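Worksheet: one structure, shown below.
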Amino acid sequence: MTLQETAREILADGKGILAADESTGTITKRLDAVGIESTEETRRRYRDLLFTTEDVEQRLGGVILYDETVRQDALDGTGMVDLLRRRGIVPGIKVDAGAKDLAGFPGEKVTEGLDGLRERFAEYADLGLRFAKWRSVISVSDTLPSATAIELNATGQARYAALAQEAGLVPIVEPESIMDGDHGIERSAEVTELVLAATIEALRRQRVALEGVLVKTNMVVSGYAGPDQAGPDEVADRTLAVLYRTIPAAVPGVVFLSGGQEDAQANANLDAIARRGSQPWTVSFSYARALQGRPMAIWAGAEENVAAAQHAFAERLHLTGAANRGEWSADEERAAS
Ligand code: 13P
């Protein structure tokens, strides 16, 4: 199967991607916030709960895993990777080692994890993983990002993507412009455009085949702390305008992260984008928080809550799936929350 076919399979029939690839540090923060102790066993039980929810394969074409999960068995004794495969979901793997402070550039980050990556990819390919993710983090303010941060992160994305393709995995290239802060939506659009353009240019320079890449990006929204919050129609128009300027039609898919938006907001914005009709690339979601927040809180680490948590997860997937087709209803979303 070619990389392009794998990318298309993941996003076929209006399906999206679940990001369940939180590093141990990140998932521990999320579990702590709802009063669950983070241990290898609670993390296993939590991911099992998500992946064994009835009918998830109707909405999810891919799930991004973290290294620990790839080596764990589900509660029924099946390997987690096999469990997903058996359900017809393509398993993927986060391979970056996190965004670290960029020396000399206060407030900015560079993503690490390139050392030994060729060997890690060889192992991940053997384990049956078919796509990968690398996230870089771009700070946004009136003065940030620096040209250096944009360039270093774009170069890293391309080095990772070239190695992923060499190993036969589809790279998800995820340069996230962070929407914290009080900047207006114009500034979000300006920075997102610069970052995506630099990333695509780096991919070209490093001979990455655009046909075998998925781009994961933030939606262009107002900075969360800003006084005026743009509504879904403006978010859709600005997001698509930036994508038209930067993402070649050769790229098979563009997926959105939820980025800390409220669940309903992330879906309202995705729905507005979907209502603009078909695009040169398949457009879909790759959410972590907007799909997992509620089920995790309902589970609270207790066996007796598993069924209710799975119900909530199925409901989140139903609503996000509807948004992805441009059929989302605010009333239905309110009734669910
Ligand atoms: P959120 O949807 O929570 O932003 O996470 C998506 C993701 O994978 C970030 O890397």
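The values are calculated or read from the model by the stated rules, or taken from the named source; none is laboratory data. Just so it is clear, the structure is predicted and the values come from calculations on it, not from any experiment. Cβ placement follows ideal geometry from the backbone for every residue including glycine, while neighbour counts extend to all protein chains displayed.
Residue pairs whose Cβ atoms lie under 9 Å apart, sitting 6 or more positions apart in sequence or on different chains, and linking a residue in region 108-135 that is on the phi > 0 side of the Ramachandran plot to a partner that is hydroxyl-bearing (S, T, Y) and buried (at least 21 other Cβ atoms within 10 Å of the Cβ), are G113/Y160. Would you say Q261 is modelled with pLDDT of 95 or more, assigned to a loop (DSSP other than H, G, I, E, B), under 14 Å from the mean Cα position of the chain (by Cα) and under 30 Å from L243 (Cα atoms)? Judged against the criteria, Q261 is a match. Tell me which residues, restricted to region 130-139, are crowded, with 22+ Cβ neighbours inside 10 Å and either away from the ligand (no atom under 16 Å from the Cβ) or more than 27 Å from P91 (Cβ to Cβ) (or both). Residues satisfying the conditions are R130, I138. Going by the conditions given, is R43 touching a Gly at 6+ places or on another chain (Cβ under 8 Å) and either part of a helix (DSSP H, G or I) or within 19 Å of G98 (Cβ to Cβ) (or both)? It is false that R43 is touching a Gly at 6+ places or on another chain (Cβ under 8 Å) and either part of a helix (DSSP H, G or I) or within 19 Å of G98 (Cβ to Cβ) (or both). Please specify each residue of region 53-78 satisfying the condition of being crowded, with 17+ Cβ neighbours inside 10 Å and of a type in the set (S, T, Y). Matches in region 53-78: T53, Y66, T69. Candidates are the residues of region 90-128 that are within 16 Å of the ligand (Cβ to nearest atom) and assigned to a loop (DSSP other than H, G, I, E, B); the one that is surrounded by the fewest Cβ atoms within 10 Å (Cβ to Cβ) is E112.
Scan region 215-258 for residues that are out of contact with any Ser or Thr (no Cβ under 6 Å at 6 or more places or on another chain), within 12 Å of the ligand (Cβ to nearest atom) and not in a loop (DSSP other than H, G, I, E, B) and the total you get is 2.
The set of residues in region 58-89 that are in contact (Cβ under 8 Å) with a residue 40 or more places away in the chain and part of a helix (DSSP H, G or I) comprises Q58, E68, T69, V70, V81, D82, R85.
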